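Colleague: Shown below is the structure under consideration.
Any read-out appearing in this document is the output of simple, stated calculations on the displayed coordinates, not a laboratory observation. Just so it is clear, the structure is predicted and the values come from calculations on it, not from any experiment. Ideal geometry is used to build each Cβ from the backbone, glycine not excepted, and the neighbour counts take in all protein chains shown.
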Ligand code: BGC
């Protein structure tokens, strides 16, 4: 399997921890040179770069806040200037805020929509502009969520952002197909990562969730990374406009008791 991504360059947002970090490590293992982003503090991103280089891969670190359009351009430019291309974009950076709908603040709405949706939107735009100019094909992989399709009461901003990401993916698959650019979503369910730290610390809540997952366990970041590597590789060349649910069966499990 090694070498499926030899000669490719990938930008993976939110790659200092969790799913993003596992994806960066896996793409690097398969031969891609990786760009790891950070917003303010470089320590986590540095950790990902060190893991990749220790395993014999290549990665660089770039400061960029994906909620700022100029930073999106800067991040893609950095891939081209430092690594010579940018063939794969993984829109992974994401946040969630818990609140009853009636209490959602404008600040929380903006924070969630700006990272999860605006960031993916304009980073993809910057990615596609460079591919258009270079006349090269590319791969866009969005890390959405089961909540691009499934309700999550008290997380209305998160659901709004991920539902929009689903339609953005479908729309761009059609619009960018003629340019040789594929666009797909991976929709993780409950994965063992820092975004779930409150849930992981609350045993009754965690047990209730596990009881609704047919496979009976949380997912691992590495399992998400495996699907991302497939979508980025030649094996996934004819896949576009799809969402891959990676949730142990969670989304299919509604039933009357
Ligand atoms: C959310 C988690 C949640 C999981 C399953 C994910 O997208 O980030 O907080 O536990 O979906 O509902």
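Colleague: In square nanometres, what is one fourth of the surface area of the convex hull spanned by the alpha carbons of the chain?
Modeller: Numbers: hull surface 56.1 nm².
Average projection, Cα convex hull of the chain: 14.0 nm².
Colleague: Based on the mean of other beta carbon atoms within 10 Å per residue, what is the order of 64-77, 137-150, most packed first? Intermediate results must be reported in sequence, preceding the final value.
Modeller: On the way: 64-77: 19.2, 137-150: 23.4.
Ranking, from highest mean packing down: 137-150, 64-77.
Colleague: Now for a separate question. What do you get when you divide the Cα radius of gyration of the stretch 1-142 by 2.2 N^0.38 Å, with N the number of residues?
Modeller: On the way: Rg = 15.3 Å, N = 142, 2.2 N^0.38 = 14.5 Å.
Expressed relative to 2.2 N^0.38 Å, the Cα Rg reads 1.06.
Colleague: Quick one: Cα centre-to-centre distance for the stretch 128-199 and the stretch 202-226, in angstrom?
Modeller: 21 Å
Colleague: Taking the Cα atoms of the stretch 50-114, report the difference between the largest and smallest coordinate on each principal axis, in whole Å and largest first.
Modeller: 49, 27, 18
Colleague: How compact and how long is the stretch 189-253, expressed as Rg and Dmax of its alpha-carbon atoms in Å?
Modeller: 13.9, 43
Colleague: If you don't mind, there's one more thing I want to ask. What percent do you get for the relative contact order of the stretch 9-248 when only Cα pairs under 8 Å and 6+ apart count? Walk me through the numbers on the way to the answer.
Modeller: On the way: 469 pairs, mean separation 49.3, N = 240.
Relative contact order for the stretch 9-248 comes out at 21 percent.
Colleague: Still on this model: What angle, in degrees between 0 and 90 and rounded to the nearest 10, separates the Cα long axis of helix 18-29 from the longest principal axis of the Cα atoms of the chain?
Modeller: 30 degrees
Colleague: Where does each of 108, 235 land when they are ranked from fewest to most other beta-carbon atoms within 10 angstrom? Can you show the working numbers first?
Modeller: Numbers: 108 17, 235 12.
Ordered by Cβ neighbours within 10 Å, fewest first: 235, 108.
Colleague: With a bin width of 5 angstrom, please list the P(r) values of the stretch 1-64 as percents of all Cα-Cα pairs, from the 0 bin to the one holding the largest distance.
Modeller: 4, 23, 34, 24, 11, 3, 1, 0
Colleague: Oh, and also: Simple spin-label model, 7 Å along Cα-to-Cβ: residue 74 to residue 152 in nm?
Modeller: 2.8 nm
Colleague: Taking a ≥ b ≥ c as the square roots of the Cα gyration tensor eigenvalues, with a/c under 1.5 meaning rounded and otherwise prolate when a/b beats b/c, else oblate, which class fits the stretch 102-154? Before the final figure, lay out each step's value.
Modeller: Values: a/c = 6.24, a/b = 2.06, b/c = 3.03.
Here the stretch 102-154 falls in the oblate category.
Colleague: First measure r as the distance between the Cβ atoms of residue 51 and residue 82, then evaluate 1/(1 + (r/R0)^6) with R0 = 22 Å and state the FRET efficiency to the nearest 0.05. Walk me through the numbers on the way to the answer.
Modeller: Numbers: r = 19 Å, r/R0 = 0.85.
For R0 = 22 Å, the calculated efficiency reads 0.70.
Colleague: Using Cα springs under 10 Å in a Gaussian network model of the chain, which residue among 177, 57, 189 shows the largest mean-square fluctuation?
Modeller: Highest fluctuation among the options: 177.
Colleague: Whole-Å semi-axes of the stretch 103-248's equivalent ellipsoid, largest first, each the root of 5 times a Cα gyration tensor eigenvalue? Mind dumping the intermediate values first?
Modeller: Details: eigenvalues 171, 75, 27 Å².
Rounded to whole Å, the semi-axes are 29, 19, 12.
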